[in-house]
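A.B. asks: Shown below is the structure under consideration.
The values are calculated or read from the model by the stated rules, or taken from the named source; none is laboratory data. This is a predicted model, so every value here is computed, not measured. So basically every Cβ, Gly included, is an ideal-geometry build from the backbone, and we count neighbours across all protein chains shown.
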Amino acid sequence: MGPTRKSKRKVVLVAMPGAHLLDVAGPGDVFSLASKVAAAATGSDAFGYEIILASATRSKRVVSASGITLTCAVNVVDIDFPVDTMLIGGMSFATAGQLPAAFFDWLRNNQKRVRRMGSVCVGAFALAKAGLLDHRHATTHWEYCEQLQYDYPLVQVDSSPFYVQDGSVYTSGGLTSGMDLALALVEEDLGRDIALTVARKLVLHLKRPGSQNQFGQSLPPLELTSPLVRTIHPWLLQHLHQPLQVEDMATQANMSVRNFSRVFFKETGLTPAKFLEKMRLDIARKFLSDSDLNIEQIAEKCGLGGMVSMRRVFLRHLKVTPSSYRNTFRTSLVREVE
């Protein structure tokens, strides 16, 4: 379905102190190009978007993570015009104290006046602080999903999607996920054809395959894990290729199966079987990106049973096949076909 609207939508991109430029520039380029594509398709420049850069602080000058200063057109707290879409960019937690209480009050008091409220990357923390994510599904950068859930337990955090819509509130994952979200909003507004043209011109997927989880580790670094995990980890690495059972792990830890399972879950939040599967997944991912072993060999070395079983594990956790993961993350230019 093509565009049917006769006036431009006001899109407010909120620059936060210490944010990556891509948090606002990425979605901004998507909306800007969509306006040009829509104008070419309709013969009118009335379609598309009017993009407004706004500051979350009291100053209209916002220093980004790279040191480049953005000069905003307006402060969020001074916005008194109708807003179609507002996207809160990411921020540096070190500079979060610069955000005035009036900013969060504005978000809270004006939510219903903004047709679509959203965030890019850790901008979700600002929406959560304002209470806009309470009892909603949301996401943020994969590295901070656990922190968002811990800080705001009323939010239903999902680390997997590149973006999440819950009613009129939209949240996206890390950095480039903001462009994925912007493309989805363009498709919602102007139709698939225009959104697809924008994606092609920006050399992006209209719907990016996989999930955020493919960019992070399934398990935390060893030094951050529990004492029990650190005790058995070397043994697990040496025997990963074997069909290990919980009984084997408990024996290695000199514990009964029942006590081992109880303590393990208490310390990690995972059952031993789930932990073992995620450990095998992480090792397999490393082999895929750093070695020339074929997928069958990797499956055997990691105890994943074979190509078919390994494929199921990858699709369940990462939403991509092993060969797709390898083609995305390996350093070689060689492309592997499954």
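A.B. asks: Is it the case, given these coordinates, that A96 is of a type in the set (G, A, S), closer than 25 Å to K60 by Cα and at pLDDT 95 or above?
C.D. replies: So A96 fails the test.
A.B. asks: Then there is this: Determine which single condition L127 fails, assuming it passes every other condition in (1) more than 16 Å from I88 (Cβ to Cβ); (2) in a helix (DSSP H, G or I).
C.D. replies: If we test L127 against (1) more than 16 Å from I88 (Cβ to Cβ); (2) in a helix (DSSP H, G or I), just (1) comes out false.
A.B. asks: Another one. Does R208 qualify as being of a type outside the set (G, A, S) and not in a helix (DSSP H, G or I)? Steps first, answer last, please.
C.D. replies: On the way: of a type outside the set (G, A, S): yes; not in a helix (DSSP H, G or I): yes.
Yes: the conditions hold for R208.
A.B. asks: In addition: Can you pull out every residue in region 65-117 that is charged (D, E, K, R) and surrounded by fewer than 19 Cβ atoms within 10 Å (Cβ to Cβ)? Walk me through how you get there before you give the answer.
C.D. replies: Quick first cut of region 65-117, residues charged (D, E, K, R) only: 78, 80, 84, 105, 108, 112-113, 115-116.
Once the filter is applied, which keeps residues that are charged (D, E, K, R) and surrounded by fewer than 19 Cβ atoms within 10 Å (Cβ to Cβ), region 65-117 yields D78, D80, D84, D105, R108, K112, R113, R115.
A.B. asks: Now for a different question. Does at least one position in region 270-282 carry a residue that is assigned by TED's automatic domain parsing to the domain that holds Q242, touching a residue at least 60 places away in the same chain (Cβ under 8 Å) and of a type in the set (K, R)?
C.D. replies: Yes - at least one qualifying residue is present in region 270-282.
A.B. asks: Can I ask one more? Of all residues in region 3-18 being under 15 Å from I194 (Cβ atoms) and surrounded by fewer than 21 Cβ atoms within 10 Å (Cβ to Cβ), which is modelled with the highest pLDDT?
C.D. replies: Here the residue is K8.
A.B. asks: When D158 is evaluated against the numbered criteria (1) within 20 Å of I51 (Cα to Cα); (2) at pLDDT below 95; (3) in contact with a strand residue (DSSP E or B) (Cβ under 7 Å, 6 or more places away or on another chain), which criterion, by number, is the only one it fails?
C.D. replies: That leaves (1) as the condition not met.
A.B. asks: Only one of (1) assigned to a helix (DSSP H, G or I); (2) under 21 Å from L175 (Cβ atoms) fails for W106. Which number is that?
C.D. replies: Unmet condition: (2).
A.B. asks: Scan region 73-100 for residues that are closer than 22 Å to L181 by Cα and either assigned to a loop (DSSP other than H, G, I, E, B) or among the hydroxyl-bearing types (S, T, Y) (or both) and report the count.
C.D. replies: 6
A.B. asks: Would you point out the residue of region 296-323, among those that are over 27 Å from the mean Cα position of the chain (by Cα) and of a type in the set (V, I, T), that is surrounded by the most Cβ atoms within 10 Å (Cβ to Cβ)?
C.D. replies: The residue in question is I298.
A.B. asks: I've got another one for you. Quick check, is L33 modelled with pLDDT of 95 or more and within 26 Å of D193 (Cβ to Cβ)?
C.D. replies: Yes; evaluated as a whole, the condition is true for this residue.
A.B. asks: Filter region 181-198 down to the residues that are crowded, with 23+ Cβ neighbours inside 10 Å and more than 16 Å from R9 (Cα to Cα), then identify the one that is nearest to the chain's Cα centre (by Cα).
C.D. replies: L181
A.B. asks: I've got another one for you. Tell me, yes or no, whether region 19-38 has at least one residue that is surrounded by fewer than 21 Cβ atoms within 10 Å (Cβ to Cβ), in a loop (DSSP other than H, G, I, E, B) and at negative phi.
C.D. replies: no
A.B. asks: Shifting gears a bit: Taking region 131-180, which residues are buried (at least 23 other Cβ atoms within 10 Å of the Cβ), farther than 23 Å from A101 by Cβ and small (G, A, S)?
C.D. replies: S172, G173, G174, S177, G178
A.B. asks: Then there's this: Taking the condition in contact with a helix residue (DSSP H, G or I) (Cβ under 6 Å, 6 or more places away or on another chain) and loosely packed, with under 14 Cβ neighbours inside 10 Å, does G269 pass?
C.D. replies: Against the criterion (in contact with a helix residue (DSSP H, G or I) (Cβ under 6 Å, 6 or more places away or on another chain) and loosely packed, with under 14 Cβ neighbours inside 10 Å), G269 does not qualify.
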